Amino acid sequence: MKILTKGLISIILLVVFAPAQIGGRMTYAIVNGNSMEPGFKKGDLVMALAQSAYAVNDVVLYDHPEIGLVFHRIIAIEQNRFVLKGDNNNWIDSYHPSQSNIHGKLWLMIPWLGRSLSWFHTPEGFSLA
């Protein structure tokens with residue numbers, strides 16, 4: 001019975017936390033700027049869960065064609081496109097993604113964990129891992 005319970009828990013965790021790159025619904029990112037301060041700071045790890053729909057005030061990760069992943073708040077929806085802005089910015093994002101460009105809505109933020117994980121992207125961290 002214990003093995004069955006542990007197996008079931010493992011499957012549930014895999015389904016919930018599986019990254020989008022391997023078919024899951026979760027996208028992980030490390031905040032890399034100050035555009036979402038004071039709520040989110042450089043080095044925070046954010047986890048965004050794919051949704052069937054997004055609404056004004058949702059904080060999302062979206063794919064910008066020139067920048068890559070961007071973590072900003074939806075401030076409006078115009079003609080099936082999302083208007084986004086960083087909480088700490090005085091301007092709106094010039095790119096307005098569609099639903100297909102959004103990876104997910106903020107599900108969990110872990111302060112500073114991204115800084116620790118970034119270390120594994122260095123030659124030293126990769127070698128030790």
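Output the residue which, of all residues in segment 1-24 that are open to solvent by less than 60 Å² (accessible area, probe 1.4 Å) and either part of a loop (DSSP other than H, G, I, E, B) or in contact with a Cys (Cβ under 9 Å, 6 or more places away or on another chain) (or both), is modelled with the lowest pLDDT.
My answer is A18.
Exactly one condition in (1) open to solvent by 80 Å² or more (accessible area, probe 1.4 Å); (2) modelled with pLDDT under 95; (3) within 18 Å of V31 (Cα to Cα) is not met by W107; state its number.
Against the list (1) open to solvent by 80 Å² or more (accessible area, probe 1.4 Å); (2) modelled with pLDDT under 95; (3) within 18 Å of V31 (Cα to Cα), W107 comes up short only on (2).
Can you say whether A48 is small (G, A, S), open to solvent by less than 20 Å² (accessible area, probe 1.4 Å) and at pLDDT 95 or above, as far as the supplied structure shows?
Spelling it out, A48 is indeed small (G, A, S), open to solvent by less than 20 Å² (accessible area, probe 1.4 Å) and at pLDDT 95 or above.
Those residues that are of a type in the set (A, V, I, L, M, F, W, C), open to solvent by 70 Å² or more (accessible area, probe 1.4 Å) and more than 10 Å from the chain's Cα centre (by Cα), I need them from segment 51-74; list them, please.
Once the filter is applied, which keeps residues that are of a type in the set (A, V, I, L, M, F, W, C), open to solvent by 70 Å² or more (accessible area, probe 1.4 Å) and more than 10 Å from the chain's Cα centre (by Cα), segment 51-74 yields V56, I67.
Please give the number of the condition I30 fails out of (1) modelled with pLDDT of 95 or more; (2) in contact with an Asp or Glu (Cβ under 8 Å, 6 or more places away or on another chain).
Answer for I30: the failing condition is (1).
Can you name the residue in segment 41-93 that is of a type in the set (S, T, Y) and assigned to a loop (DSSP other than H, G, I, E, B) and, of all such residues, is farthest from M109 (Cα to Cα)?
The extreme case among them is S52.
In segment 60-80, what residues are without any contact (Cβ under 8 Å) to a residue 40 or more places away in the chain and in contact with a strand residue (DSSP E or B) (Cβ under 6 Å, 6 or more places away or on another chain)?
The answer is H64, V70, H72, R73, I74, I75, A76.
Can you find even one residue in segment 79-86 that is at pLDDT 95 or above and among the aliphatic types (A, V, I, L, M)?
Among the residues of segment 79-86, at least one is at pLDDT 95 or above and among the aliphatic types (A, V, I, L, M), which makes the answer yes.
Among the residues of segment 25-34, write down those that are open to solvent by less than 50 Å² (accessible area, probe 1.4 Å) and either within 10 Å of the chain's Cα centre (by Cα) or more than 19 Å from L113 (Cβ to Cβ) (or both).
M26, T27, A29, V31
The values are calculated or read from the model by the stated rules, or taken from the named source; none is laboratory data. Keep in mind that this is a model prediction, so the values were computed, not measured. Methodologically, a virtual Cβ is constructed for each residue, glycine included, from the backbone with ideal geometry; neighbour enumeration extends over all protein chains shown. The protein model used for the area step is the full one, side chains on, heavy atoms only, and it has no ligands, DNA or RNA in it. Shrake-Rupley method; radii C 1.70, N 1.55, O 1.52, S 1.80 Å.
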